[in-house]
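What follows is a short report on a single structure.
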Amino acid sequence: MSLRARLLAWYDENARDLPWRVGPAARAAGLRADPYRVWLSEVMLQQTTVPHATPYFLKFTARWPTVTDLASAADEDVMAAWAGLGYYARARNLLACARAVANEHGGVFPDTEEGLRSLPGLGPYTAAAVAAIAFDRAANVVDGNVERVMARLFAVEQPLPDAKPELKRLAAALVADDRPGDWAQALMDLGATVCRPKAPLCDRCPVSAHCAAQAAGAPETYPRKIAKAARPHRRGVAYILTRGEAVALVRRPPKGLLGGMLALPTSDWRPEPWSDAEALAAAPAQAPWRSVGVVEHVFTHFSLTLRLLRAEGDAEGVIWSPRRDLDALPSVFLKAARAGLANLL
């Protein structure tokens, strides 16, 4: 039996039950996936996991069940609903794409990879995924799971990230007109559940007989990787200013890290520690500030230590938010707010 036949047969029996997915049996019966749900899930799943993304997907689709509904949403509502998923530029791109589909395409997603690429915020991967999964186009869908599967199947010695073009070429050679949507999802499921980054379950793999890395005896060493450079570290000060039951927030600039999101006021983030005098000079108001601890947070490209200062007082140019609504803050600021308010809650 061919590699494709083995993997598709395995997928027919073992496909994950995901809220945005139409399973292989339903697809065989003629049911097709909703392009909006496929697109939304793919955007959410970038840089996060299925368990983390799933509650967000369910909340989004309950609140905005169609792409037209999402296109009509207020920016601040979508950004608040996205809080905790990270990579907040994706939320801005999400709105731009939804509005383009609603306003320029009558609320209907283009059904080709080329047409999907014309939408704002849709890169090569997302366009290929939606084309394959929603429209059964023979598109080459290559995410991190698929790269790992290809690296092991063909024992690719070139390390990542330099190996990406070769891994994409190898994956493309396996794409066919027969069940392209199921094929894309089968590869994803294989990488997520069996061909795992660590401790791959080779004894459960439907295509282990075709795997060069398994034959060589060290599949877990693929894909090869270049050692990562040390992550830079930055330091800053976060200010927890309260007024009764309200907390002072600011909206970050639309561009840049956490752009457009509500946040605690902070100093700049820099490599050097902040002295007491510098921290007070950068505060959003003259108030009796006192230290209430520190929090650590890790972003993709740097780690951050935030010193926490808290005071009761007033300030101009801030947004007063009830403490009960702070869950809508991005993770780093929610973490800081919870730590800074711990003995007040």
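The values are calculated or read from the model by the stated rules, or taken from the named source; none is laboratory data. Keep in mind it's a predicted model, so treat the numbers as computed, not measured. Note that each Cβ is placed from the backbone with ideal geometry, even for glycine, and that neighbours are counted across all protein chains shown.
Points to keep in mind about this one:
- Only one entry in A80, A131, A127 is modelled with pLDDT under 95 and either assigned to a helix (DSSP H, G or I) or more than 23 Å from P51 (Cα to Cα) (or both), namely A80.
- The residue that is nearest to V146 (Cα to Cα), among those in segment 190-223 that are basic (K, R) and either in contact (Cβ under 8 Å) with a residue 24 or more places away in the chain or not in a helix (DSSP H, G or I) (or both), is R196.
- Qualifying positions in segment 3-60 - touching a residue at least 24 places away in the same chain (Cβ under 8 Å) and hydroxyl-bearing (S, T, Y): Y11, Y36, T48, T54, Y56
- Of residues in segment 229-277 being within 17 Å of A339 (Cβ to Cβ) and hydroxyl-bearing (S, T, Y), the one surrounded by the fewest Cβ atoms within 10 Å (Cβ to Cβ): T242
- Hits in segment 171-216 (condition: in contact with a Leu (Cβ under 9 Å, 6 or more places away or on another chain) and on the phi > 0 side of the Ramachandran plot): R179
- Single residue of segment 71-104 satisfying the filter (more than 26 Å from V332 (Cα to Cα) and not small (G, A, S)) that is surrounded by the most Cβ atoms within 10 Å (Cβ to Cβ): V101
- Filter result for the condition that a residue is among the basic types (K, R), under 18 Å from D143 (Cβ atoms) and without any contact (Cβ under 8 Å) to a residue 60 or more places away in the chain, over R99, R90: R90
- For segment 188-225, the set of residues classified as farther than 20 Å from V142 by Cα and not polar (S, T, N, Q) consists of A199, L201, C202, D203, R204, A209, A215, A216, G217, A218, listed by residue number.
- Some residue of segment 90-109 being within 30 Å of R224 (Cα to Cα) and not assigned by TED's automatic domain parsing to the domain that holds L326: yes
- The set of residues in segment 293-345 that are more than 22 Å from R231 (Cβ to Cβ) and of a type in the set (D, E, K, R) comprises R310, E312, D314, E316, R323, R324, D325, D327, R338.
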